[in-house]
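The next block holds one structure in the form of structure tokens; read it before the comments.
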Amino acid sequence: MKPAVLTGEHFMTGDEACAEGGLAAGCGFFAGYPITPATEIAEHMSARLPELGGTFIQMEDEIAAMAAVIGASCAGVKSMTATSGPGFSLMMENIGLAICTETPCVIINVQRAGPSTGLPTQGAQGDMMQARWGSHGHYEIIALAPSSPQEAFYQTIEAFNLSETYRLPVLIMTDEIVGHLSERVVIPKEDVIRTVSRLTAKGRKDRFKPFEPGPRGVAPMAIAGEGYSIHVTGLTHDEKGYPVMTVEAQAEMMERLTGKVRQNLHDIIRTESYRLDDAEIAIISYGVSARTSLAAVEEARAQGIKAGLLRLITVWPFPEDRIRELAKRVRGFVTVEINLGQIHLEVERCAGGGVPAFLVGHPGGTIIPPERVIDTLKETFKR
Amino acid sequence: MKKTKKTPSHPLDDLLRTDRIPHIWCPGCGIGTAFSSCLTAMKESGIDLAKSVMVSGIGCSGRGAGYVKLDSYHTTHGRAIPFATGMKLANPELNVVVFSGDGDLFAIGGNHFIHAARRNVDLTVVCVNNFNYGMTGGQVAATTPYGAKTTTTPVGNPEAAFNLPLLAFASGATYVARWTILHIRELTESIKEALLKRGFSFIEVLSPCPVNYGRRNKERPLETLRAYQERTIIKNNAPPTELDVDFAKGVILGKFVDVDRPTCIEMYDKTCRPRELLEEEKAA
């Protein structure tokens, strides 16, 4: 579908901004299931898509929603869904299918506090490791985390672009706070928005191999109904797409699936550095907690503590090299996130024991106040 | 060995991935018969095969998608129907056939089946019912008759089985039929009708699984086929409530439902889309 860009200045929630971002990226199909605090995305899409020539469907559960999204993408339409924790758990099965079959799609997780039903109306960042490893087997994934409605808009476009470029599901790991926060969102003119569509199959139909890596290690995609007679399976398969039940085929497929991400980290990873050049303490944060952290950096600097912030725009793949580089020159790390230590574990791993890594975490339900970050900075980095 | 001929050796070769043969199905299994019936119907129906897709779930019958030389999608366990729903809605020009088994479509995938039928998604669903989970070695299914032995009901199944045509009818399917793999002509004609029918079509195909089901229930392969011949009666338009599978009493085959109601896409266009947009599309 053609991108539908709602150019202008708006006052909208993060959820609505995700929906508009999807439409601006050319999303033509949304399948979902109601769940707080992501329902507004489905509601917005149910009103907007049919008038633009796209299709919205509310499925019977999140398993079906994710399956429908993959089916629609295989039929050549940019597709997305949105959910929260319990629904994200149900989607894990078919997120694995999208990874294995290399089907582009976008999944928005408006995180709420868990485990289980948890706090349905209150925010958290507790699904970050689930985003990385929640579907079974080993794989690479891309996840972004917006800090504001404005960024939710741009990141959803970016998620589609990455998904179409690398043929894999891309996650937007937002949260209830950003999702329900109303702020100014400026949507630019259509011609300045960059959108990417997957490379599609060309050439002789009888010789086409649907999983033979092309540019960047990504295979051009044959769309259902174009006459390529492709076979697509969640079983371990070769470049022809045929199931092959051997150790060698598994190794080759895993190399294709993980290699296309691992070989292009420079193109995929996005971070933002704030006052890190002379920083002695590096705060690592993402999503709404990065706003907490930004306030903490300002206050700490005012109090003479040389703190800086590395904001993760993409959380997965993890910016390992950047953390390792920082570990050589800072006195320590502080990770700020609304869980009891998830990305903190990654920071600790990359710090490699060279410098200490601390967590300012929270069990979920609200944002972390900047004061808690400052207290940690003061306590742990006393001169 | 030298290949001497390039001419097809089987009338369905052009629709088969012959480079994937031999298939995985056991001797005496009925899936191959149901599968070739489905392919014959697709060929004879005159539908545009380049615009036709087969979607399967997981299990022995779910391997169907792997052998057909069309765009074919072997999805996750139970999810063939929602996958097919997304595909059909995204591109209404596609003919989407779901070929899968009873465990896949009616236990793990049961919820998806009833909702696709309710929505009247324009799909043709062929369910090979072999009364058990064959691929995993013969466990009890939602279709296993009461008392039957399987590896997870070693002293007999304590539960009742689904009457699949009744379930399909109650859920809103616009075409419902049941045949056995012995009724190959009727089955092929039925699938052909279903392919050309707009709306959710469902065909149950009773099929032997001698290795995993027959063996444990003291039923020799030929006895199963004999039951298909002697213990069945063709009764079109039979009330769906009478369609329980009980070979002791006799099993009813035939076409039970063939009605028209607007499809999911037609209703969506009519209800949700602005009229101007539809007129624009028509003009284009």
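Here the contact order of the range A:215-266, divided by its residue count and restricted to Cα pairs under 8 Å and six or more residues apart, works out to 32 percent. Shape index of the protein assembly as shown: Rg/Rh, with Rg the Cα radius of gyration and Rh the Kirkwood radius from the inverse mean 1/r over Cα pairs, equals 1.03. If a spin label sat at a point 7 angstrom from the Cα of B:Leu196 along the line to its beta carbon, the backbone N atoms of the range B:27-49 nearer than 17 Å would be those of B:38-49.
If r is the Cβ-Cβ distance from A:Glu239 to B:Ala160 and R0 is 60 Å, what FRET efficiency results, to the nearest 0.05?
Numbers: r = 47 Å, r/R0 = 0.78.
The calculated FRET efficiency here is 0.80.
Of all lysines in the structure, those lying under 22 Å Cα to Cα from A:Lys205, and not within fewer than 8 positions of it along the same chain, are A:Lys240, B:Lys6, B:Lys43, B:Lys51, B:Lys69.
Note on B:Asp246 and B:Thr152: the extension gain reaches 31.8 nm, defined as 0.36 nm multiplied by sequence separation minus the Cα-Cα distance. Farthest towards the positive end of the charge dipole of chain A, among the residues A:Asn94, A:Ser73, A:Leu265, is the Cα of A:Leu265, using unit charges on the Cβ of Lys, Arg, Asp and Glu.
When the trypsin sites (Lys or Arg not before Pro) in the range B:74-118 are filtered for DSSP coil states and for at most 13 other beta-carbon atoms within 10 Å of their beta-carbon, no site remains.
Label-to-label distance, A:Arg184 versus B:Asp260, with points set 7 angstrom from Cα along the beta-carbon direction: 5.8 nm.
Among A:Ile70, A:Ile323, A:Ile374, B:Ile81, the order by Cβ neighbours within 10 angstrom, fewest to most, reads A:Ile374, A:Ile323, A:Ile70, B:Ile81. Put the Cα centre of the range B:93-118 next to the Cα centre of the range B:230-257 and the gap is 22 Å.
Determine, from the Cβ-Cβ distance of A:Thr117 and B:Arg118 and an R0 of 22 Å, the FRET efficiency 1/(1 + (r/R0)^6), rounded to the nearest 0.05. Before the final figure, lay out each step's value.
Details: r = 27 Å, r/R0 = 1.22.
Efficiency computed from Cβ-Cβ geometry: 0.25.
Among the DSSP beta bridges whose two residues both lie in the protein assembly as shown, what percent are antiparallel, rounded to the nearest 5? Antiparallel bridges: around 25 percent, rounded to the nearest 5. If you take the Cα centroid of the range B:164-214 and the Cα centroid of the range B:14-33, the two points sit 20 Å apart. Rounded to the nearest 20, the Cβ-based charge dipole of the range A:215-266 about its Cα centre (Lys and Arg +1, Asp and Glu -1) stands at 220 debye.
Taking the radius of gyration and the Kirkwood hydrodynamic radius from Cα positions alone, what is the Rg/Rh ratio for chain B, to two decimal places? Can you show the working numbers first?
Details: Rg = 19.1 Å, Rh = 19.3 Å.
Radius of gyration over Kirkwood radius for chain B works out to 0.99.
Alpha carbon centre of the range A:221-248 versus the range B:45-84: separation in Å? That distance is 12 Å. Note on chain A: with a GNM built from Cα contacts shorter than 10 Å, the maximum mean-square fluctuation among A:Ala302, A:Ala82, A:Ala159 falls on A:Ala302. What shape does the range A:8-192 have by the C-alpha gyration tensor, where a ≥ b ≥ c are the square roots of the eigenvalues, rounded means a/c under 1.5, and otherwise prolate means a/b greater than b/c and oblate the rest? Rounded shape, in that the Cα axes give a/c under 1.5. A Förster radius of 41 Å combined with the Cβ-Cβ distance from A:Val355 to A:Ala251 puts the calculated FRET efficiency at roughly 0.65. Using C-alpha pairs below 8 Å separated by at least 6 residues, the relative contact order for chain A is 16 percent.
Against the globular-protein guess of 2.2 N^0.38 Å, express the Cα radius of gyration of the range B:162-284 as a ratio, rounded to two decimals.
On the way: Rg = 19.1 Å, N = 123, 2.2 N^0.38 = 13.7 Å.
Here the Cα radius of gyration is 1.40 times the empirical estimate.
Given a 10 angstrom Cα cut-off, can you work out which residue in B:Gly66, B:Gly46, B:Gly156 is the most mobile in a GNM of chain B? Checking each option, the largest mean-square fluctuation is seen for B:Gly46. Full extension of the chain segment joining A:Leu265 with A:Asp278 gains 2.1 nm, where the gain is 0.36 nm per residue of separation less the Cα-Cα distance. The ranking of A:Val185, A:Val192, B:Val125 by Cβ neighbour count inside 10 Å, starting from the fewest, reads A:Val192, A:Val185, B:Val125. Of A:Ile187, A:Ile57, A:Ile305, the sequence from fewest to most neighbouring Cβ atoms within 10 angstrom is A:Ile305, A:Ile187, A:Ile57.
Pairs of Cα atoms under 8 Å, at least six residues apart: use those to get the relative contact order of chain B, whole percent.
Details: 590 pairs, mean separation 47.9, N = 284.
Value for chain B: 17 percent.
Ellipsoid semi-axes for the range B:18-152, based on the Cα gyration tensor and the rule √(5λ), read 25, 19, 12 Å when sorted largest first. Go ahead and set up a Gaussian network model of chain A, Cα springs under 10 Å, then flag whichever of A:Val170, A:Val244, A:Val315 fluctuates most. So, out of A:Val170, A:Val244, A:Val315, the one fluctuating most is A:Val244.
Every number here is computed from the coordinates shown, using simple stated rules; none is lab data. Predicted model, so just to flag it, every value in this text is computed and none were measured. Glycine also receives a Cβ, built like all others from the backbone with ideal geometry; neighbour counts cover every protein chain displayed.
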